[in-house]
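What follows is calculated from the coordinates using simple rules that are stated; it is not laboratory data. Values in this document were obtained by computation on a predicted structure and should not be read as measured data. In this analysis, Cβ positions are derived from the backbone assuming ideal geometry, glycine residues included, and neighbour counts consider all displayed protein chains.
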Amino acid sequence: MNHSYYPARGAEQGRNKIPAFIGTAVLEVEKHIAHSNENLTFKNHQSGRWEVPADRHEQGSEEMATTVENIPSGRLPDWCHDSMRAQALDPRSSTDGGPTRSLWIHPTDAARRQTLQWLTEQLDGPSDRTLHHTLDSLITSLHAELRLPRRLANDASFQMLLHVACDEAAEQLEFPLIHSLPEHEWGRGKTRDLAALNRALREQDVLSFEGPGLTAFRRVIRRLADGLGGMHADVQLHALVTALEALEADEPPFGLLPLDGIILLDHPPTLSPLRCRLLRALARFKPLHELCQPGSPRMGVHGLNLDEQVPVNSEEGLPAWVPAHPPFDAIREQDDPPRSVRILLSRWQQAQLATRELVAAWLEDSEPTATAIIIDPGLSERADSWGRSFAELDVRCPTSVTSLLDSPAVHWTAELATLGTGEEAWSLDRLRGLAMQ
């Protein structure tokens, strides 16, 4: 098919429209001048709608912007702490003159608690915890917000019900390949293995796997969840992602409405495909800015880069909603080199004497509350000699390490507390063991 391209021949007098010919479609360009900014919208005569240029990024578009920025490994940049503190002090939105309101997704719950503790110390009081999440806590929050069926607890009682349901299904020959004789007993190991396989495939977003017994196992889970009026834990994330993808891009969940964007802190590159799909679904509603540590992708020593994008390397390349700051240059700004001293010894027997002298010199210059760690691969054989060496320095070194669970009183107390949990809950062996104490 031949297309003819003609330049625009002129503008109409008294109007602000410029006809243009692109292929066989006619596009009209109308200028809307407001606040000294020119926003161009295009009227497509094939669809009859006014459209924005394809290279523009508008909130609520089907493909929201996802950007990547390198950060130093092991710590958050100062601008992150400043932004967290600013939005904790000023609850106003950015449109009302307040700071940028960002949702911070931490890699672990320990990192989230540490950040919240730091904010509490900085503010001398509590802070808004709804702006700080891990992926797991965010999944729980979005699950409740979208009013999905309640998540069934994956505890010992549910495991028992699941095993009984699988046993009944096996008697009806629903597992013909792995349990072809219905009169035989359905073992707990089969239920446990099928549950682990189903959980792994769900997390990897593999839905078309036709393994032996897996289809029937999912039918059993569905019937059991429907009977209990809830949703199985392995189905929760997939159902949540599907519900988010079904929403219109300009109708985000209520919790995301007041946000300017989402900042994903340094996550491992081994994040499961289904969780990556969740992040892409969230990026349809609000722009996503990823912070990742640089490294070798081949060796896996780098942060998560969701779509393998080139990191931002200049302040002008940062999104407008991200606080202005100079990005970290992984090539020019190398991390601080490790401060280490290597001492060569002629015999390994000299290691304890050399360590004792180093600790004695360190104690003279260190603070009273300072701590040190000595790593000895043969501690079990040399624990007594370490104790004698440090006794001369008035440093107490435990000669033996005993677990609390090795104490009979603690062991049987823990056994009594966990009697009703696990796969062997209320088993005859555990009851007999407690009765003999």
Legend entry - Environment charge at Arg101 (Cβ cut-off 11 Å; Lys +1, Arg +1, Asp -1, Glu -1): -2
Inset, instruction - For a footprinting-style exposure proxy, rank Leu76, Leu264 by other Cβ within 10 Å, fewest first. - result: Leu76, Leu264
Legend entry - Inverse mean reciprocal Cα-Cα distance (Kirkwood Rh) of the range 156-230, Å: 12.7 Å
Legend entry - Listed peptides 113-119, 364-370, 215-221 by packing density, highest first (mean Cβ within 10 Å): 215-221, 113-119, 364-370
Inset, instruction - Starting from the amide H of Gly261, placed 1.01 Å from N in the peptide plane, find each other amide H under 5 Å away whose residue is 5 or more places distant or on another chain. - result: Leu103
Legend entry - Phi to ³J(HN,Hα) by Karplus 6.51 cos²θ - 1.76 cosθ + 1.60 over the range 81-97, Hz, x for Gly, Pro: 5, 5, 5, 4, 5, 5, 6, 6, 7, 10, x, 5, 6, 5, 6, 9, x
Legend entry - Under Karplus coefficients 6.51, -1.76 and 1.60, residue-wise ³J(HN,Hα) of the range 164-176 in Hz, glycine/proline x: 5, 5, 5, 4, 5, 5, 5, 5, 8, 6, 7, 10, x
Inset, instruction - For a footprinting-style exposure proxy, rank Leu207, Leu197, Leu379 by other Cβ within 10 Å, fewest first. - result: Leu207, Leu379, Leu197
Inset, instruction - Quick one, can you get me the convex hull of the C-alpha atoms of the range 198-289 expressed as volume per residue in Å³? - result: 117 Å³
Legend entry - For the range 134-146, 3J(HN,Hα) per residue [Karplus equation, 6.51 cos²θ - 1.76 cosθ + 1.60, θ = phi - 60°, Hz, x = Gly/Pro]: 9, 4, 5, 5, 5, 4, 5, 5, 5, 4, 5, 5, 7
Legend entry - Residue order, fewest to most surrounding Cβ atoms within 10 angstrom, among Leu135, Leu161: Leu161, Leu135
Inset, instruction - Return a whole-number percent for the relative contact order of the range 156-230, with Cα pairs under 8 Å and 6 or more residues apart as the contact set. - result: 37 percent
